[in-house]
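Okay, structure first, notes after.
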Amino acid sequence: MKNIIQFLPEKVIQQIAAGEVIQRPSSVLREILENAIDANAKTIDIFIKDSGKTLIQLIDDGIGMSIDDAKMSIQKHATSKIKKTDDLFRIKTKGFRGEALSSIALISQLEIQTKKREDVVGIHLFVEEGKVKKQIPINMLQGTRISVKNIFYKLPVRRQFLKSSRIEFQHIIYEFHKIVLAHRNITYRFYHNDKIIFYFKKTSLRERIQEIFKNEKKNLVPILIKKNRIFVEGFVSVPDVSMKKGDQFLLVNQRCVTHLLLHKKIIHAYDGFLKNFKTTSYFIFIFIDSSLVNWNIHPTKKEVKLEEEETIGIMIQQEIKNVLFSQYKVKNKELKNYDIFLSCKSLKKDYLLNNLYKKLYDKEKIVRLENFYHKLNESVTFKNNFQLTNELHHLVSHYDKKREIKTFQINRKYIIFVLNDEYMVLVDQHRAHQNILFEFFDRKKNLISQQFLFPIKVKLLKKESLSLKNIKTDLISFGFHLYFCKKYVYLYSVPEQIQQNMLIEVIQNIITYNFIKGKKNNKKKLIQIISKSASIKYGTKLYPEKMKCIIKDLFSCQNPNYTYSGDPIFFVLNKNFF
């Protein structure tokens, strides 16, 4: 029986390999642009005809090639970028495999004109089917001119599968944009059918984005991350429901890549802001040590593998969240003339509050709100920006009982009420009540106690008993009436501000702490323990009247901004945040 498996002819093998690298005219432009950048070109001129089907020509002022290097450049796997296996893991150039020119030479009529500065004359090579058909010496300036004519002219089937001129030209423009975004220290001139289409000079990233996308990308905010061997910079779009489609560019070491994990991390930073992630735009540049990058996983280097890519993705996602949330902060001057309680009279209209009430009970919004709150707690900058003026704090004295405060609770953690129909005040119920109790015990004297029908008996260790005796005077001043007997202490009454269900936790936390006799901060520490232990916990359902009391008491405090430990108690948010 005759064998049916056989080796492919060398020419077929070469054309298959070339097809992996060169898929359409835009692939040609990408490869010769990258070669020009690797040659340290400062000016690049590009000439396109018939959307690249007839001609793709690039002229650069780079270092050029010698005659022998020019001939060698069209050979398979001939490269100046790597010499040994280890070099594959320290790639710092755009190209490295030596496949670009050899692949282009196999599927087009290729002309190479090049000269190095030290050479007397340059060389002009005419290449077809991967072989030099003709060569002549020429007089030219330093640099290289690559002309790719009649792409796929020997492969009519491949040429037949090219799209319309309009679509192919769009692909060319997309590849060109990726390069000019990454390498902005080069001057580019781009011609199509003898008409200049683009002229880009050296510029910044923001200006380059504006040049490419005109007025479409006005609402961009910068991001910046510096950590160990990783540096990330770029711009992301502010949520805009009027946008139909965004532009998304992710670049690693100045090469535009497709990275599914990082892309998901980036777009999911917009959870709760947008339903359609396609409307987001981002231009993110990741600069990372070349030893942490593996480029050798895709024929056209469009995909990349990074070490610690999960960590990098989380860092970028958190930075984007932080930047997005900062767009909704309210400055002091915007709040100077606002009275929280006087503004509540306008809530008779109710429409704003009711709409928000429905929206915020969406689980996604609640999660986003909580993430926002936790992020604010970590940011000193946010604390300062959200601090209200002293005038606002004292306006509570003008509060009129006839004016109703409309409140609602989110996830049994936060109280929200509206400020002047423009801003929402987000209050942490636990911290607010903790602050109220702290100032109450710190400022009040001769507190009223609630007596028990029968005393509460608590067994103490020797050190606990000693610690408790050291603060007995302070406990009595706060309304704790107690009697020590051997290993026990009997509680006859406690301050009325401490609810029955909180009593055990309060007592446990007091006896656990080691109070030293005569220490100056004993009283302050005792107040901190009582206020934290007796305050309303997360997960406690609050009824409207209770929430109103907390708000009134909070803004009657001497310092309603922060707890004694410096944690922010409330934030004022622009209504657009929701």
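Summary of values
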| quantity | calculated |
| --- | --- |
| Matching entry among Leu482, Leu437, Leu475 (being open to solvent by less than 40 Å² (accessible area, probe 1.4 Å), in contact with a Ser or Thr (Cβ under 7 Å, 6 or more places away or on another chain), not small (Gly, Ala, Ser) and not in a loop (DSSP other than H, G, I, E, B)) | Leu437 |
| Tally of residues being modelled with pLDDT of 85 or more, open to solvent by less than 100 Å² (accessible area, probe 1.4 Å) and over 28 Å from Leu554 (Cα atoms) across region 493-518 | 3 |
| Search result, residues across region 222-249 that are at pLDDT 90 or above, touching a Ser or Thr at 6+ places or on another chain (Cβ under 9 Å) and of a type in the set (A, V, I, L, M, F, W, C) | Phe235, Val236, Phe249 |
| Total residues in region 54-78, condition under 43 Å from the mean Cα position of the chain (by Cα) and outside any strand (DSSP E or B) | 11 |
| Subset of region 141-164 that is more than 41 Å from the chain's Cα centre (by Cα) and among the polar types (S, T, N, Q) - its residue that is least open to solvent (accessible area, probe 1.4 Å) | Ser147 |
| Identity of the residue in region 120-140, surrounded by fewer than 13 Cβ atoms within 10 Å (Cβ to Cβ), of a type in the set (A, V, I, L, M, F, W, C) and in contact (Cβ under 8 Å) with a residue 12 or more places away in the chain, that ends up farthest from Ile37 (Cα to Cα) | Ile136 |
| Residues of region 290-312 satisfying the condition of being open to solvent by 60 Å² or more (accessible area, probe 1.4 Å) and either modelled with pLDDT of 85 or more or not in a strand (DSSP E or B) (or both) | Asn296, Ile297, Lys302, Glu307, Glu308, Glu310, Thr311 |
| Residues of region 541-578 satisfying the condition of being within 26 Å of Gln500 (Cβ to Cβ) and open to solvent by 50 Å² or more (accessible area, probe 1.4 Å) | Lys541, Tyr543, Pro544, Glu545, Lys546, Cys549, Lys552, Asp553, Ser556, Tyr564 |
| Residue within region 199-213 that is in a strand (DSSP E or B), free of Cβ contacts under 8 Å to residues at least 40 places away in the same chain and either open to solvent by less than 60 Å² (accessible area, probe 1.4 Å) or not hydroxyl-bearing (Ser, Thr, Tyr) (or both) present | yes |
| Criterion (at pLDDT below 90 and surrounded by 15 or more Cβ atoms within 10 Å (Cβ to Cβ)) met by exactly one of Ile13, Ile74 | Ile74 |
| Those residues of region 35-49 which are touching a residue at least 24 places away in the same chain (Cβ under 8 Å) and open to solvent by 10 Å² or more (accessible area, probe 1.4 Å), in sequence order | Asn35, Ile37, Asp38, Ala39, Lys42, Thr43, Asp45, Phe47, Lys49 |
| Qualifying residue in region 448-463 (condition: assigned to a loop (DSSP other than H, G, I, E, B), closer than 27 Å to Tyr562 by Cα, under 51 Å from the mean Cα position of the chain (by Cα) and at pLDDT below 85) | no |
| From the options Arg184, Arg189, Arg166, Arg145, residue that is among the charged types (D, E, K, R), at pLDDT 90 or above and in contact with a helix residue (DSSP H, G or I) (Cβ under 6 Å, 6 or more places away or on another chain) | Arg184 |
| Single residue of Arg189, Arg117 found to be part of a strand (DSSP E or B), open to solvent by 60 Å² or more (accessible area, probe 1.4 Å) and more than 18 Å from Pro25 (Cβ to Cβ) | Arg189 |
| Tally of residues being farther than 30 Å from Asp38 by Cα and surrounded by fewer than 19 Cβ atoms within 10 Å (Cβ to Cβ) across region 249-266 | 1 |
| Unique residue being surrounded by fewer than 18 Cβ atoms within 10 Å (Cβ to Cβ) and among the aliphatic types (A, V, I, L, M) when the list is Ile179, Ile230, Ile167 | Ile167 |
| Selection within region 267-289 - surrounded by fewer than 18 Cβ atoms within 10 Å (Cβ to Cβ), in a loop (DSSP other than H, G, I, E, B) and touching a Phe, Trp or Tyr at 6+ places or on another chain (Cβ under 7 Å) | none |
| Any hit, region 256-274, residues being of a type in the set (Lys, Arg) and at pLDDT below 90 | no |
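The values are calculated or read from the model by the stated rules, or taken from the named source; none is laboratory data. All figures in this text were calculated on a predicted structure; none of them were measured in a lab. Every residue, glycine as well, gets a Cβ built from its backbone with ideal geometry; the counts of neighbours run over all protein chains shown. Side chains included, ligands, DNA and RNA excluded: accessible areas come from the protein's heavy atoms. Shrake-Rupley method; radii C 1.70, N 1.55, O 1.52, S 1.80 Å.
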